[in-house]
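The values are calculated or read from the model by the stated rules, or taken from the named source; none is laboratory data. In this text, all values refer to a predicted model and were calculated from it rather than measured experimentally. Cβ placement follows ideal geometry from the backbone for every residue including glycine, while neighbour counts extend to all protein chains displayed.
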Amino acid sequence: MSAGGFCKLPGGSVVVALTLPAPGPRERAVRVLVHAANRPRALTRLRNLGLRAVYLRGNAHPPTPDEITAVLHHPDGLVWREAPNATAGELWHPIRTLLRPVSPAKISPSGA
């Protein structure tokens with residue numbers, strides 16, 4: 001599942017939306033939004049974060065107006081949430097929370 005699309009904004013920049021398999025232990029796919037100067041730069045931003053196999057083929061699922069507003073109001077211009085959005089009230093998260101390594105569980109010493 002790698003649906004996505006883009007929307008060119010009046011200022012010349014673009015918002016790219018991609019639905020990707022979630023990295024790590026997450027079971028559901030995620031919807032990632034990127035604001036950049038152009039489409040190749042948006043994909044480069046994701047690849048530089050470690051999402052190497054990210055491609056945009058076609059424009060089947062462009063960002064909605066609400067998604068565009070969400071990414072434009074975020075300081076990093078990179079946000080995500082689970083997709084499809086089963087919970088209507090789910091907020092957008094900064095991309096660093098998606099890519100953060102899972103910390104190992106603290107192991108308590110036995111007998112202490």
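For first residues located in the stretch 55-70 and loosely packed, with under 10 Cβ neighbours inside 10 Å, partners that are of a type in the set (D, E, K, R) and lie 6+ apart or on another chain with Cβ distances below 7 Å do not occur.
Residue-by-condition table, conditions (1) modelled with pLDDT of 90 or more; (2) surrounded by fewer than 17 Cβ atoms within 10 Å (Cβ to Cβ):
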| residue | (1), (2) |
| --- | --- |
| G11 | yes, yes |
| V14 | yes, no |
| P23 | no, yes |
| R26 | no, yes |
| A37 | yes, yes |
| A42 | yes, no |
| G50 | no, yes |
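So, P63, is that one at pLDDT 90 or above, of a type outside the set (A, V, I, L, M) and touching a Cys at 6+ places or on another chain (Cβ under 7 Å) or not? Against the criterion (at pLDDT 90 or above, of a type outside the set (A, V, I, L, M) and touching a Cys at 6+ places or on another chain (Cβ under 7 Å)), P63 qualifies. Just one of the numbered conditions (1) part of a strand (DSSP E or B); (2) touching a Gly at 6+ places or on another chain (Cβ under 9 Å) is not true of V30: (2).
The residue that is surrounded by the fewest Cβ atoms within 10 Å (Cβ to Cβ), among those in the stretch 71-112 that are at pLDDT 85 or above and assigned to a loop (DSSP other than H, G, I, E, B), is P75.
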